[in-house]
1. With each run of n ≥ 4 DSSP H residues scored as -39500 (n - 2.57), what mean residue ellipticity at 222 nm is computed for the chain after dividing by its residue count and rounding to the nearest 500 deg cm²/dmol?
2. Can you figure out the FRET efficiency of T96 with S2, using R₀ = 30 Å and their beta-carbon distance, to the nearest 0.05?
3. Once label points are set 7 Å from the Cα along Cα→Cβ at both K57 and S128, what is their separation, rounded to one decimal in nm?
4. If you take the square roots of the eigenvalues of the alpha-carbon gyration tensor of the range 24-95 and sort them as a ≥ b ≥ c, do you get rounded (a/c under 1.5), prolate (a/b over b/c) or oblate?
5. Return the carbon/sulfur percentage of the accessible area of the range 1-98, one whole number, probe 1.4 Å, all protein chains in place.
6. Calculate the FRET efficiency for E84 and D106 from the Cβ-Cβ distance with a Förster distance of 22 Å, rounded to the nearest 0.05.
7. Checking the a/c ratio against 1.5 first, then a/b against b/c, what shape does the Cα gyration tensor give for the range 8-139?
8. Provide the per residue accessible area, probe 1.4 Å, for the chain, rounded to a whole number of square angstrom.
Amino acid sequence: MSTEKTLILVKPDGVARGLVGDVISRIESKGYSIDAVRMLKADRSLLEKHYAEHVGKAFYEPLVEFMMSGPIVAIVASGNRVIEGFRSLAGVTDPTLAAPGTIRGDLARDQGTKVVQNIVHGSDSPESAVREIEIFFPK
Ligand code: IDP
Ligand code: MG
């Protein structure tokens, strides 16, 4: 059985606020492995692929603009059930409602922007993880 992998992004708000180390530390402290790390400035075509499922939603364009607004850090983490495990570490999408103890619950809040700024992205299924890892770490 191959170990599960997930694609994690530290979004521009997380990088700007110096939270990359905190995010990586939480992943490692939980016991997952960090397999790859890459800092980049994402361009529109990369983000259009990554966020294809959200095309047409009211927050889509603000989301793409936000994700292009500064550097991001892409991470591949691995371990049994890492996909759901990282989603649990991240907390729910809305940082106002994310439980204290989670990345979003501890480190983010509503800023009144059109797109929710919530520090991290994590793949939501094995299919998404394979697709997203290929986008950020092409072979
Ligand atoms: P997720 O990141 O928790 O998986 P998704 O539904 O995949 O959430 O949405 C992708 C990103 O788009 C979120 O992390 C957040 O930044 C933003 N977003 C999602 N839903 C909304 C919304 O209703 N209003 C504003 N921004 C949103
Ligand atoms: Mg998502």
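The values are calculated or read from the model by the stated rules, or taken from the named source; none is laboratory data. These figures come from a predicted structure and were not determined experimentally. We place every Cβ from the backbone using ideal geometry, glycine too, and count neighbours over all the protein chains shown. Protein only, heavy atoms only, side chains kept; ligands, DNA and RNA dropped before computing areas. Shrake-Rupley method; radii C 1.70, N 1.55, O 1.52, S 1.80 Å.
1. Here the helix-only value at 222 nm equals -11000 deg cm²/dmol.
2. Values: r = 37 Å, r/R0 = 1.24.
Efficiency, rounded to the nearest 0.05: 0.20.
3. So the label points at K57 and S128 sit 0.9 nm apart.
4. Values: a/c = 2.28, a/b = 1.63, b/c = 1.40.
Prolate, because a/c is 1.5 or more and a/b exceeds b/c.
5. C and S atoms contribute 52 percent here.
6. Working: r = 19 Å, r/R0 = 0.88.
For E84 and D106, the calculated efficiency is 0.70.
7. It is rounded, given that a/c, with a ≥ b ≥ c, falls under 1.5.
8. Result: 52 Å² per residue.
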